[in-house]
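Rule-based calculations on the coordinates, nothing more; no lab input. On a predicted model such as this, the values are computed, not experimentally measured, just so you know. Because the Cβ atoms are built from the backbone with ideal geometry, glycine has one as well, and the counts that use them run over all protein chains shown.
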Amino acid sequence: MENNRILDIENLVVRFETDDGIVRAVNGLSLQLEKGHSIGLVGETGAGKTTTALSILRLVPDPPGVVECEKLSLDGRDIISMPIKELEQIRGKDVSMIFQDPMTALNPVFTVGEQIAESIFLHEDVSRAEATRRAIDMLELVGIPGERANEYPHQFSGGMKQRVVIAIALACHPKLLIADEPTTALDVTIQAQMLDLIRSLREKYSTSLIMITHDLGIVAEICDEVAVMYAGSIIEKGTLEDVFNRTKHPYTEGLFNSIPNLNDRKAMLTPIQGFTPDPTDLPSGCAFWPRCPYACEVCKKEQKDIRISDTHYVRCSRYEEKDFRINRKEIS
Amino acid sequence: MARKKKKAEVSGQKQYKKRSIAAEVWRNYKKNPSAMIALVLVVIIVFVAIFAQFFYDFKKDIVKQHIKEKFQKPSAEHWFGTDNYGRDVFTRVIYGTKYSLSVGVVAVAISCIVGVTLGLIAGYYGGFIEDLILRFCEVFTGIPSILMGVALMTAFGQSIGVLMLAIGLVYAPMYCRTTRAAVLPVRDQEYIEAARVAGVGDLGIMFNHVLPNALSPIIVQVTMGVASAILCASGLSFLGLGVPIPMPEWGAMLSEGREFMRDYMYLTIFPGLAIMITVLSFNLMGDGLRDALDPKLKQ
Amino acid sequence: MDENLLEVKNLKKFFKTKRGTVHAVDDISFSIKKGKTLGLVGESGCGKTTTGRAILRLTEPTGGQILFNGRDICRLSKGGLKKARRDMQLIFQDPYSSLDPRKTVSQIIAEPIIANHLSRGKDKIDERVNSLMSTVGLAPRLFNTYPHELDGGRRQRVGIARALAMEPQFIVCDEPVSALDVSIQAQILNLLKTLQAEMGLTFIFITHDLSVVNHFSDEIAVMYLGKIVEMAPSEELFANPRHPYTQALLSAIPVPDLSAKRERIIIKGEITSPIDPPDECRFYKRCNYACEACRKTPELEEVCPGHLVACNRWEELENTDTVVQDQEEEAK
């Protein structure tokens, strides 16, 4: 079981020590991902999704960032104590990342072919010529004609650039791909093309995927599992069916109720009240209680993960009461 | 990338803390030790410039000659020694602060009024007006500033007022271009359009929205401008075109002391040091302000 | 109630560039009834924002008429325009760049009141600002705060309060929620809906998010490269999309609902250049149904009452759909 895990994070804590106080970005996050699976990390701005992703590659800027972790292993190898040289070998080779903005992720002074080839050349024992040949293959794989390898990023449109970024990320056939809001900057029809591309490439190379997004719709399209984050903690995680059809946490419920329903346009939205908490000054206990319609005294105390089923966990103390239910109906 | 993300997150959290923009700038400024030293020096210099005239009498202490005591070396009595007319150099350097600084400040004020207004108009309206103003600035900057000063001084006669005007006009194009460059990105912001939709006129938008948001580079330019104006004024005085003798302007003192430099070095060293310290303080303060106003630049 | 508040006739906006004339908005016509909402949907570069700005004459239209309460906005003098804009306001997309960072919340909201001399005297103005702030749900303690101290949702509320200050009849909402988190987005949408019901406001709602526009609009116009390709009441458009582009757009929305696994229509390529477009259907190069007949610019035709579509082949396509359905039924 252990060896089958591509990623194993135990009790990750990240804080930024700034002049304005200590920003608690990630607070005791545990996450496991099986090989070949894909998980969606969902949450709103400031929930700590990106920081979590950056900690996996030890890319959190230090200072001001302080990362503490009981266990952080990638494909069985310990990341925390790994020397930086070895880590650099892993970045881009075993784990690669796609960033939100394709406009700034590419270097404007190199051709796209050179940029893909560079990544291959750095990580694999191949000649320049071989790397270039494989770069062209990669381009064609993501749907760009190979002859455009000699063009510069500014000659590509937004969607095309994101294809190039995906090509670079997948050039060395990584075991784990971290996609940080890869389609947020793109139009809907282009987003559909991109999701299709990521899905088919993932099947081809059986890459594991962490999809960071704020859009539950994208998660439903592309992930097997979901972890919902709020104020630096995972408050609910499970398979797609667990979280979407048998929602347990009040915050997840609130998220679903905030999305306009395509099938019932007259329905008034029920947004979550209030605002996201200040991470320099988080509420005690469950960080969501000041906004939660079900909050009571228990919620101000330390929260534990409560097991609903083998796959489904929720961090909400109210489930210790036997007959606690939220309003959202279960769909079987 | 990572840094940017973090910044965004941090600024997202600051939302609940109340803090005005000025306080933020001051907080950043304090972190820079050389800028803090410069600020202290500038405060002292300004203080001296304002109050020196109450401690010394112009006729008695500054211009009255004591031929018997000429060329005395620095001593307990005369800290900086005495010059060829037996006047105390220390008193004259202290008193001269007033001239140097007022020339600097007034000249910069003139440059500002002319340059900032033109730059604002050029940046805000764009098109033909912008081209016209910019070409005009280019022609102006093509002429060496000392030459320009010399020409104006000879045309209008030698007085402290003309000196201020001459230096002010020489530096005006610089302010014009700085302002225009600062206005351009502000002009395209949505809040400018929002003001237009709200029914605010062009003048209102220019002075209420555009100028305050384009102010930081102008403030920096002003601080550094005082330094260059002082330097320019000293240069002109050194050439005998600035503040008329016997006023104790630093450049003029340098010029007078130059004849005796071989034997009495201190006659030139002290006014020279005064110029250097003042210019350096203003420049360092400008540097510090620039970093404090735009923290992105530093990182 | 049946009168048209706004009528746009043959509106055109061209930009001259070095490479040719950009047809940003090319001959579009529509009208909005009092108290209703028209959704203007399309991807980036389709001309929806330009349309919104042209209606307020923030950019001068190249041609066409904009009749507001029967008066042509395009022919107004500067003073007339200032008066007209009291009734026509704009809510901006980006709550970060649309508020002057050097002004406090109260100064921002008071600006239109002062500029149009709607109230006089500091007390009267403050009173009006306070009542506007409570209308949009801003706490009175935010009166003297600066925009950078507020989060996106509160900033957008400031923007709405500013737009309401002149008691307009008509508001162009340019992507008012696309920069916001889902839970905040729902708050703002609800606020706009309540305001519309209370004040009888008429909206043009510009967005790229179809689920939001479906929730919000009575009628929807889909734009593609400066043209309206389809226009219909919201329910009708979502139930029976006729234009191939609309169909693709609708199928591309990721839906956070596991039961709704739909067939996705992926359209190839990306938006083509709006510079000197040839006389053909604008969607020709990407359309899955393109044929010779599409090499002429289609006109908007009425499919059924209130439902307009600009496609040369809509009648044929409708038949093929039924043909396919018949075949499926036979197969069963």
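Brief remarks follow.
- Spacing of the modelled spin labels on residue B:30 and residue C:198, each 7 Å from Cα toward Cβ, amounts to 4.3 nm.
- Residue B:68 paired with residue B:84, simple spin-label distance in nm, labels 7 Å along Cα-to-beta-carbon: 2.3 nm
- Dividing the summed -39500 (n - 2.57) terms of all DSSP H runs of n ≥ 4 by the residue count of chain C sets its mean residue ellipticity at 222 nm at -10500 deg cm²/dmol.
- Remark: the Cα gyration tensor places segment A:233-320 in the oblate category, a/c being 1.5 or greater and a/b not exceeding b/c.
- FRET efficiency, 1/(1 + (r/R0)^6) with R0 41 Å, evaluated for residue C:144 and residue A:304 via beta carbons: 0.45
- Likely footprinting exposure, B:100, C:251, fewest C-beta neighbours within 10 Å first: C:251, B:100
- Taking label points 7 Å from Cα along the Cα-to-Cβ direction, residue B:44 and residue C:15 give a separation of 5.6 nm.
- Here the dipole of chain C is about 2020 debye; that uses its Cα centre as origin and unit charges on the Cβ of Lys and Arg (positive) and Asp and Glu (negative).
- Principal axis analysis of the Cα atoms in the protein assembly as shown yields extents of 126, 72, 66 Å, listed in decreasing size.
- Under the Karplus curve 6.51 cos²θ - 1.76 cosθ + 1.60, θ = phi - 60°, whole-Hz ³J(HN,Hα) for segment B:54-65, x wherever Gly or Pro sits: 7, 9, 10, 9, 4, 5, 7, 8, 9, 9, 5, 8
- Shape of segment C:79-194, Cα gyration tensor, a/c cut at 1.5: oblate
- Each Cα pair under 8 Å and six or more residues apart adds its sequence gap; the mean of these over the residue count of segment B:90-294 is a relative contact order of 28 percent.
- Computed from the C-beta positions of residue B:261 and residue A:19, the FRET efficiency with R₀ = 56 Å rounds to 0.65.
- Per-pair calculated FRET efficiency, R0 = 35 Å: residue A:130 and residue A:77 via Cβ, rounded to 0.05: 0.80
- Helices of chain A meeting both criteria, an alpha-carbon length of 24 angstrom or more along the long axis and an average Kyte-Doolittle score not below -1.0, with helices taken as full DSSP H segments, are A:188-205.
- Per-residue ellipticity at 222 nm from helix content only, as computed over chain A with -39500 (n - 2.57) for each DSSP H run of at least four residues, stands at -8500 deg cm²/dmol.
- Candidates C:296, C:48, C:16, ranked by Gaussian network fluctuation over chain C, Cα under 10 Å, top entry: C:16
- Net lengthening on full extension, residue B:181/residue B:203 (0.36 nm per residue, minus Cα-Cα): 6.0 nm
- One decimal place: the segment residue A:85-residue A:4 gains 26.6 nm when fully extended, by the rule 0.36 nm per residue minus the C-alpha distance.
- Taking every C-alpha pair closer than 8 Å and separated by at least 6 residues, the mean separation divided by the residue count of segment B:20-175 gives a relative contact order of 19 percent.
- Extension gain for residue C:130 to residue C:272 (0.36 nm times residue separation, less C-alpha to C-alpha distance): 46.3 nm.
- From least to most packed, judged by other beta carbons within 10 angstrom and beginning with the fewest, C:314, B:26 follow the order B:26, C:314.
- Candidate aspartates and glutamates - alpha carbon under 12 Å from residue B:98, same-chain residues fewer than 8 apart omitted: B:249
- Listed pairs A:35/A:248; A:161/B:31; A:304/A:329; B:31/C:103; C:16/C:36 exceeding 29 Å between Cα atoms: A:161/B:31; C:16/C:36
- Figure legend: label point modelled 7 angstrom from the Cα of residue A:328 along Cα→Cβ; residues of segment A:45-67 with amide N under 20 Å from it are A:45-49.
- Per-residue Cβ neighbour rank within 10 angstrom, fewest leading, A:326, A:210, A:84: A:84, A:326, A:210
- Residues of type aspartates and glutamates that residue C:9 reaches as a straight line, Cα spacing below 18 Å, ignoring anything fewer than 8 places off in the same chain: C:26, C:27, C:60, C:72, C:219, C:230, C:299, C:301, C:302
- Residue-averaged [θ]222 nm for chain B, counting only DSSP H segments that reach four residues, each worth -39500 (n - 2.57): -24000 deg cm²/dmol
- Cut-off 13 Å between beta-carbons: net charge of the residues surrounding residue B:62, Lys and Arg +1, Asp and Glu -1: +1
- Note on chain A: with a GNM built from Cα contacts shorter than 10 Å, the maximum mean-square fluctuation among A:209, A:33, A:269 falls on A:269.
- Between 0 and 90°, nearest 10: helix B:2-13 axis offset from chain B longest Cα axis: 80 degrees
- Whole-Å distance, taken between Cα centres, linking segment A:112-169 and segment A:1-38: 31 Å
- Dividing the mean sequence gap of close Cα pairs (under 8 Å, 6+ apart) by how many residues chain C holds gives a relative contact order of 20 percent.
- Under DSSP loop assignment and at most 13 Cβ neighbours within 10 Å, longest GluC sites (Glu not before Pro)-free interval of chain B: B:78-258
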